[in-house]
Amino acid sequence: MSVLIAPSILAADFGNLQRDIEMINASEADWFHVDVMDGMFVPNISFGMPIMEVLKKHARKPLDVHLMIEKPERYLEAFRDLGAFQITVHYETCPHLHRTLQHIRSLGLKAGVAINPSTSVSVLENIISEADLALIMSVNPGFGGQKFIPFSLEKVGRLKELIITKASPALVQIDGGVNLETGAKLARRGCDVLVAGSFVFGSPDPLATIQELKKTVNQ
C-alpha cells in the first residue's frame, strides 16, 4: 500500500476552520488527524466536542482521532458518535490497555495505540496483535511545530519488525516534525501513515504541499 498522509487539524486556522476542512477534502490527503488534548496528560488543551461536530459535518475523509487525554475510555462512545473511524489511545494513560483496545473495536472502530518519545517500542510486544495502528510520537506531545526527534527513525524500524514478527495488522503512524526530508526517511523505514501539521497548514500552498509530500514518500 502507498504511504498515507493525515494532516493534523490542530494546525489549522480555527478562525477559518471550514475553509481548511474543505481544503483537505479537495487535497490528496487520506485522513484528517484529530489531536484531542486535555491539559493533563499533555501541557496543552486543544479542542473537544464542538470542533468534532464541525468536522463530522464537513469532513469527507476519515477522522483519525488521537486522544492525548487521561482516562480516554470515558469518551470512546462519544467520539464514535462524532464520526471517528479510528481512535488511538496512549500506552501511558491506559493501565488496562488490552481492555481499552478491545472496547474500541467492539464499537466498530479501528483501534490504535500511541507511545511517547521516551517510551520503548518493547512495551507494545504483548498488545500489538490487538492494534490496528501503532503511533510513534516523534516530538514530545502537546504542541505543534516542534523539531523531529532523530531516534524516532530507529523506533519505526523496531516497531515494523515487531509487527511482522507478531503477524499484527497494525499500520505504523508517525506524528511530529514531518516534512519532505523526514517523511522520505520514515517511508523508507516502513512508516505507513504520516501526520503533518504545521508543514501543511503553515505552507503558502497547502494543496501543493500535500501533493508534493505524497509524491515524495511514495517514490
Of Gln173, Gln18, Gln86, the one that fluctuates the most in a GNM where the chain has Cα springs shorter than 10 Å: Gln18
Anchor Lys166: aspartates and glutamates whose Cα lies under 19 Å away (excluding residues fewer than 8 positions away in-chain): Glu125, Glu130, Asp132, Glu154, Asp192
Within the range 1-59, GluC sites (Glu not before Pro) in DSSP loop having at most 14 other beta-carbon neighbours inside 10 Å: Glu28
Quick one, can you get me the convex hull of the C-alpha atoms of the range 89-139 expressed as volume per residue in Å³? 69 Å³
Among the trypsin sites (Lys or Arg not before Pro) within the range 143-208, which fall in a DSSP loop and have no more than 13 other Cβ atoms within 10 Å of their own Cβ? Lys147
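Which whole number in µm²/s is D for the range 90-208 by Stokes-Einstein, with the Kirkwood Rh taken over Cα pairs at 10 °C and 1.306 mPa s?
Details: Rh = 14.8 Å.
It diffuses with D of about 108 µm²/s by this estimate.
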With each pseudo-label sitting 7 Å past Cα toward Cβ, what's the Leu207-Leu180 distance in nm, one decimal? 1.9 nm
Consider the candidate values (i) 18.3, 57; (ii) 20.1, 67; (iii) 15.8, 46; state which one is Rg and Dmax of the Cα atoms in Å computed from the structure displayed. (iii)
Given springs between every Cα pair under 10 Å in a Gaussian network model of the chain, which of Asp30, Asp81, Asp192 has the largest fluctuation? Asp81
Going Cα to Cα from Lys61, which aspartates and glutamates come in below 12 Å? Please leave out same-chain ones fewer than 8 positions away. Glu22, Glu28, Asp30
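May I ask for the longest run of the chain untouched by chymotrypsin sites (Phe, Trp or Tyr not before Pro) that are loop-located per DSSP and have at most 16 neighbouring C-beta atoms (other than their own) within 10 Å?
Numbers: sites that count: Phe143, Phe151.
The segment 1-142 is the longest one with no such site.
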When the scattering of the range 1-121 is computed by the Debye formula from its Cα atoms alone, each counted once and equally, what is log10 I(q)/I(0) at q = 0.12 Å⁻¹? -0.43
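Please give the net charge around Glu28, taking every other residue with its beta carbon less than 14 angstrom from that of Glu28, where Lys and Arg add +1 and Asp and Glu add -1. The partial results should precede the final answer.
Numbers: positive: Arg60, Lys61, Lys214, Lys215; negative: Asp30, Asp205, Glu212.
Result for the neighbourhood of Glu28: +1.
What pairs in Lys160/Lys185; Lys56/Lys155; Lys147/Lys185; Lys71/Lys155 have C-alpha atoms more than 23 Å from each other?
Numbers: Lys160/Lys185 14 Å; Lys56/Lys155 33 Å; Lys147/Lys185 15 Å; Lys71/Lys155 26 Å.
In this structure, Lys56/Lys155; Lys71/Lys155 lie more than 23 Å apart at Cα.
I'd like the FRET efficiency for Leu107 and Lys166, computed as 1/(1 + (r/R0)^6) with the beta carbon distance as r and R0 of 25 Å, rounded to 0.05.
Efficiency at R0 = 25 Å is approximately 0.60.
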Cα→Cβ-extended label distance, 7 Å offset, between Arg19 and Ser2, nm: 2.8 nm
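What FRET efficiency, computed as 1/(1 + (r/R0)^6) with R0 = 35 Å and r the Cβ-Cβ distance, is obtained for Arg99 and Arg158, rounded to the nearest 0.05? Mind showing how you got there, number by number?
Working: r = 25 Å, r/R0 = 0.72.
That pair, Arg99 with Arg158, gives E of 0.85.
Between Asn116 and Ser129, what length in nm is gained on full extension when 0.36 nm per residue of separation is reduced by their alpha carbon distance?
Values: separation 13, 0.36 × 13 = 4.68 nm, distance 1.94 nm.
So the chain would gain 2.7 nm between Asn116 and Ser129.
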Which percentage, to the nearest 5, of the DSSP beta bridges contained in the chain is antiparallel? 5 percent
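Quick one: net charge around Ala12, please, counting Lys, Arg +1 and Asp, Glu -1 for every other residue with C-beta under 13 Å from its C-beta. Don't skip to the end; give the middle numbers.
On the way: positive: Arg19; negative: Asp13, Asp20, Glu22, Asp35.
Surrounding charge for Ala12 is -3.
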Whole-Hz Karplus ³J(HN,Hα) for the range 201-216, in order, using 6.51 cos²θ - 1.76 cosθ + 1.60 and θ = phi - 60°, x for Gly and Pro? 6, x, 7, x, 9, x, 4, 5, 5, 4, 4, 5, 4, 4, 5, 4
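Bear in mind that the values in this text are calculations on the coordinates, not laboratory data. For clarity, every value in this text was computed on a predicted model and none was experimentally measured. Cβ: placed from backbone, ideal geometry, glycine included. Neighbour counts: every protein chain shown.
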